[in-house]
Amino acid sequence: FMWMFLGLLVSFATGLALIFTGAVWYIFSSGAVIMLLVLLELGTGIYLSARIQRMSVGTATLLFFFYAVLNGVVISSALLLYGLVEAILVFALTALYFGVLAAYGYLTKRNLARVGPILTSGLIFLVVFWVLALFLPLSGLEIIVSMIGIAVFLGCTAYDTQKIQFFYQYYAGYPDMLAKASIFSALQLYLDFINLFLYLLRFLGNGKRS
């Protein structure tokens, strides 16, 4: 949770810095820069998830914060689109929802592994929808899809929090692996929080425009 908090701090600091310096306009005015950003973000996330067991703690930490900076660039566009005041309010709401579901995942005695396939199906649906939305006029479905996204990442928050306990128990005797597992867990929680924030922001923003 400490690593996740630091990652969020880096992301939002990056986003605010891009807005206040005006650099956000340059980044999102160039299709090549946007494509490079998307490729870097996907590549870093996949590489970190796939190779974390083989890399050093220092490398894993560096890649985590690099990923947080890349996400900060994406967040800057959302802050610009919806406004800082609304973004701050949605961030507070995200923190509340995230905290409640994380506490549930930590304290519940229910095995949440059974919801894993459901969450995976939800994630696949979201990816497919946003890919199709690049080519088809699906904007009318955004509010419904945002509600699904909120539900999916609330579920992921509880699921991933419970999984962290398993990592801690499994790697308790291996300090190096435990440190890397904490970075990997932070990445998962970080993604849960960021996606929950963006879906809440999109849902509330679209609701106001409707």
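The values are calculated or read from the model by the stated rules, or taken from the named source; none is laboratory data. Bear in mind that the values here come from a model prediction, so they are computed numbers and not experimental data. In this analysis, Cβ positions are derived from the backbone assuming ideal geometry, glycine residues included, and neighbour counts consider all displayed protein chains. Side chains included, ligands, DNA and RNA excluded: accessible areas come from the protein's heavy atoms. Shrake-Rupley method; radii C 1.70, N 1.55, O 1.52, S 1.80 Å.
TRP130 accessible area, nearest 10 Å², 1.4 Å probe?
We get 70 Å² for TRP130.
To the nearest 10 Å², what's ASP176's accessible area with a 1.4 Å probe?
Answer for ASP176: close to 90 Å² accessible.
Of the accessible area of the chain, with the probe set at 1.4 angstrom, what percent is carbon plus sulfur? The partial results should precede the final answer.
Numbers: 8630 of 11620 Å².
Carbon plus sulfur share of accessible area: 74 percent.
Report the gain in length on full extension from TYR170 to ALA23: 0.36 nm times residue separation, minus Cα-Cα distance, nm rounded to one decimal.
Working: separation 147, 0.36 × 147 = 52.92 nm, distance 4.43 nm.
Computed gain between TYR170 and ALA23 is 48.5 nm.
Mind jotting down the distance between the C-alpha centroids of the stretch 4-44 and the stretch 115-162, whole Å?
Between the Cα centres of the stretch 115-162 and the stretch 4-44 lies a distance of 22 Å.
Which residue, chosen from PHE91, TYR67, ILE143, occupies the Cα position most advanced towards the positive end of the dipole of the stretch 32-151, where the dipole is computed from +1 (Lys, Arg) and -1 (Asp, Glu) charges on Cβ about the Cα centre?
Farthest towards the positive pole: TYR67.
How are the Cα pair distances of the stretch 128-210 distributed, in percent, across 5 Å bins from 0?
3, 14, 19, 17, 14, 10, 9, 7, 5, 2, 1
Could you do me a favour and compute the accessible area per residue for the chain, 1.4 Å probe, result in Å²?
Details: 11620 Å² over 210 residues.
Heavy-atom accessible area per residue stands at 55 Å².
Where does the chain land on Rg/Rh, using Cα atoms and the Kirkwood Rh?
Working: Rg = 17.4 Å, Rh = 18.1 Å.
Using Cα coordinates only, the ratio equals 0.96.
From the helices alone, meaning DSSP H stretches of at least four residues, give me the mean residue ellipticity at 222 nm for the chain, per-run term -39500 (n - 2.57), in deg cm²/dmol to the nearest 500.
On the way: 8 runs with 178 residues, N = 210.
Computed mean residue ellipticity for the chain: -29500 deg cm²/dmol.
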